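Please treat every number below as a calculation from the coordinates, not as lab data. The model shown is predicted, which means the values in this text are computed figures rather than measured ones. Glycine gets a Cβ as well: all are built from the backbone with ideal geometry, and neighbour counts include every protein chain shown.
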Amino acid sequence: MFNKEFLECHDIIPAFMPVDLSADVNTGDRVNLQNYERCLFVLLASTGTAGDDPVISAQQHTAASSGSSKSLNFKRIRHKVGATDIDTTGQFALIEQSDSSSFDTDSIDGAENQALIAIEVMATDLDSENGYTFVSFDVDDVGSNAQLGAGFYILQGAGYGNEILQSSIG
């Protein structure tokens, strides 16, 4: 590694830019975990309307586009939730669910609050024996009421360190 800077062994990639989560299914771009150990998906969502809670789902893929896709299960969800000032929420809370490829934020009042939600998957969770090396996270259409949100990935555990890392989006 050059200077052991954060971005010499991690990568940050937008899943989807800030959007109205009620406009359509918000499909996250696919990222390749072939050269990384893990991927953290982060959803940052504004306050919406009660009952219009974001539902996050994970998938694994055999290619950057097209190819085969299937569900990717995860168990642990970390979140910070606050009615108006999420920046005053100090620590992440942890939810552990049974293996599932989705998480409904209704259980944390995801629509009624500002929310920062983080879900981590390991490269070893993918069906790599059958060629699944890409991962994506989607957020379903929340309903008819506006709610702003953005998603991004933080890739960790690069198999190599360098000033400029190899792209994970192609």
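Using a 10 Å cut-off around each Cβ, can you sort His79, His10 from fewest to most neighbouring Cβ atoms? Before the final figure, lay out the partial values.
Working: His79 22, His10 16.
Ascending Cβ contact count within 10 Å gives the list His10, His79.
If the chain between Ile169 and Gln91 were fully stretched, how many nm would it gain, using 0.36 nm times the residue separation less the Cα-Cα distance? Numbers along the way, then the final one.
On the way: separation 78, 0.36 × 78 = 28.08 nm, distance 3.09 nm.
Full extension from Ile169 to Gln91 adds 25.0 nm.
Taking the Cβ of Lys70 as the centre, find all other residues whose Cβ is under 15 Å away and add up their charges (Lys, Arg: +1; Asp, Glu: -1). Present the calculation step by step, with values, prior to reporting the outcome.
Details: positive: Arg30; negative: Asp99, Asp125, Asp127, Glu129, Asp138.
Once positives and negatives cancel, what remains is -4.
Using θ = phi - 60° and the Karplus relation 6.51 cos²θ - 1.76 cosθ + 1.60, list the HN-Hα couplings for segment 84-92 in order, rounded to whole Hz, with x at every Gly or Pro.
So the Karplus estimates, Gly and Pro as x, are 9, 10, 4, 5, 9, 7, x, 10, 6 Hz.
List the longest stretch of the chain that has no exposed loop site; here a site is one of the GluC sites (Glu not before Pro) assigned by DSSP to anything other than H, G, I, E or B, with at most 12 other Cβ within 10 Å.
On the way: sites that count: Glu5, Glu163.
Result for the longest clean stretch: 6-162.
What aspartates and glutamates could a cross-link reach from Lys4, if we take a straight Cα to Cα line under 20 Å and drop same-chain neighbours fewer than 8 places away?
Glu37, Glu163
Grab the alpha carbons of segment 1-88, take their convex hull, and tell me the volume per residue in Å³. Please list the in-between numbers first.
Details: hull volume 14.1 nm³, N = 88.
Taking only Cα atoms, segment 1-88 has a hull volume of 160 Å³ per residue.
Under a point-charge model restricted to the Cβ atoms of Lys and Arg (+1) and Asp and Glu (-1), what is the dipole moment magnitude of the chain relative to its Cα centre, in debye to the nearest 20? Each step should come with its number before you reach the end.
Details: 8 positive and 25 negative charges, 90 e Å.
Taking the Cα centre of the chain as origin, the dipole is about 440 debye.
Taking segment 24-116, which chymotrypsin sites (Phe, Trp or Tyr not before Pro) meet the DSSP loop condition and have no more than 15 other C-beta atoms within 10 Å? The partial results should precede the final answer.
On the way: sites: Tyr36, Phe41, Phe74, Phe92, Phe103; in loops: Tyr36, Phe92.
Those satisfying the criteria are Phe92.
With point charges of +1 on the Cβ of Lys and Arg and -1 on the Cβ of Asp and Glu, referenced to the Cα centre of the chain, which listed residue (Phe152, Ile12, Ile56) lies farthest in the positive direction of the dipole?
Ile12
Report P(r) for the chain: all Cα-Cα distances, bin width 5 Å, range 0 to the bin holding the largest distance, values in whole percent.
Reading the bins upward from 0: 2, 9, 18, 20, 19, 15, 11, 5, 1, 0.
Return the distance in nm (one decimal) between the two label points of a simple spin-label model at Val55 and Asp20, each offset 7 Å from Cα along Cα→Cβ.
Distance between the two pseudo-spin positions: 2.2 nm.
Could you compute the net charge surrounding Val81? Neighbours are other residues with a C-beta less than 10 Å from the C-beta of Val81; K and R count +1, D and E count -1. Working shown, then result.
Numbers: positive: Lys80; negative: Asp109, Glu112.
That sum, taken over residues with Cβ under 10 Å, equals -1.
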